[in-house]
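Here's the structure, in structure tokens; my notes come after.
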């Protein structure tokens, strides 16, 4: 082996990487989004159900009755 390093994840023979920036949120900041996610999921679910209803036979009939 005599000083030969096997290329692995830590040493691939390329230049040293610089300028890598990582971002993260503290657990306290993440908790602030909990209410917003529940509200957003409710809006998503309502919209999905409404979409499926409006594209059903009953939804078409209701839409036609409203627009006349």
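Nothing in this text is a laboratory measurement; each read-out follows from the coordinates by a stated rule. All of these numbers come straight from a predicted model, not from anything done at the bench. Note that we place each Cβ from the backbone using ideal geometry, even for glycine, and neighbour counts take in every protein chain shown.
Laid out as a table, the results:
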{"item": "FRET efficiency, 1/(1 + (r/R0)^6) with R0 30 Å, evaluated for residue 37 and residue 17 via beta carbons", "result": "0.30"}
{"item": "Which of 22, 48 has the fewest Cβ neighbours within 10 Å, and the rest in rising order", "result": "22, 48"}
